[in-house]
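Notes follow the structure.
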Amino acid sequence: MENRELIRLALEAREMAYVPYSKYQVGAALLTKAGKVYKGCNIENASYTPTNCAERTAFFKAVSEGEREFAAIAIVGGYAGVLTGYAYPCGVCRQVMMEFCDPKEFRVITAVSEEEYIDKTLEEMLPYGFGPSSL
Ligand code: THU
């Protein structure tokens with residue numbers, strides 16, 4: 001799948017963000033190696049700490065449906081309206097990626113639009129990571 005299509009799906013996912021507290025809307029689109037896409041948005045909570053990031057929503061949806069092989073994730077985030085900056089994945093989400101993805105192959109695409117994005121490997125995003133192969 002083209003990066004621009006995966007980003008378009010992340011933008012679509014962002015519309016579902018449940019963000020009454022931060023108002024910061026994040027969308028993610030996770031591509032499996034077989035070509036299926038799982039979308040996720042951030043889901044906040046009045047008690048704050050139960051908040052789930054968009055990336056983890058996408059991963060947990062996919063893993064709970066039996067998916068284990070992933071190729072890439074596109075991420076978009078910002079306040080309502082036109083996106084002005086990149087929404088890089090938080091450390092916890094990078095660690096979740098590390099659990100299921102090959103750091104040298106899995107690509108993390110952070111975007112402000114379908115045309116403007118940064119495409120990095122997980123290893124670039126999380127150098128010297130700790131994962132299943134560490135144990
Ligand atoms: N957030 C994400 O969805 N993904 C990230 O990687 C960073 C942060 C969400 C969590 C919270 O709902 C809002 O952005 C502000 O932190």
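Here are some notes:
- Neighbours by Cβ (under 9 Å, 6+ apart or cross-chain): first from region 94-112, closer than 17 Å to residue 130 by Cα; second among the aromatic types (Phe, Trp, Tyr) and assigned to a strand (DSSP E or B): 97/70; 100/70; 101/70; 102/70; 106/70
- Single unsatisfied condition, residue 92 versus (1) farther than 16 Å from residue 70 by Cα; (2) surrounded by 13 or more Cβ atoms within 10 Å (Cβ to Cβ): (2)
- Any chance residue 72 is in a strand (DSSP E or B), under 18 Å from residue 106 (Cβ atoms), open to solvent by less than 40 Å² (accessible area, probe 1.4 Å) and near the ligand (Cβ under 10 Å from one of its atoms): no
- So residue 86, is it farther than 22 Å from residue 60 by Cβ, open to solvent by 80 Å² or more (accessible area, probe 1.4 Å), hydroxyl-bearing (Ser, Thr, Tyr) and in a loop (DSSP other than H, G, I, E, B): no
- Residues that are modelled with pLDDT of 95 or more and not in a helix (DSSP H, G or I) do occur in region 93-102.
- For region 38-50, filtered to residues that are open to solvent by 40 Å² or more (accessible area, probe 1.4 Å) and more than 8 Å from the ligand (Cβ to nearest atom), the residue that is nearest to residue 113 (Cα to Cα) is 39.
- Sole residue being in contact (Cβ under 8 Å) with a residue 24 or more places away in the chain and in a loop (DSSP other than H, G, I, E, B), chosen from 35, 40: 35
The values are calculated or read from the model by the stated rules, or taken from the named source; none is laboratory data. It should be emphasised that the depicted structure is a prediction, and the values quoted were computed from it without experimental measurement. Cβ: placed from backbone, ideal geometry, glycine included. Neighbour counts: every protein chain shown. The accessibility values were calculated without ligands, DNA or RNA, using every heavy atom of the protein model including side chains. Shrake-Rupley method; radii C 1.70, N 1.55, O 1.52, S 1.80 Å.
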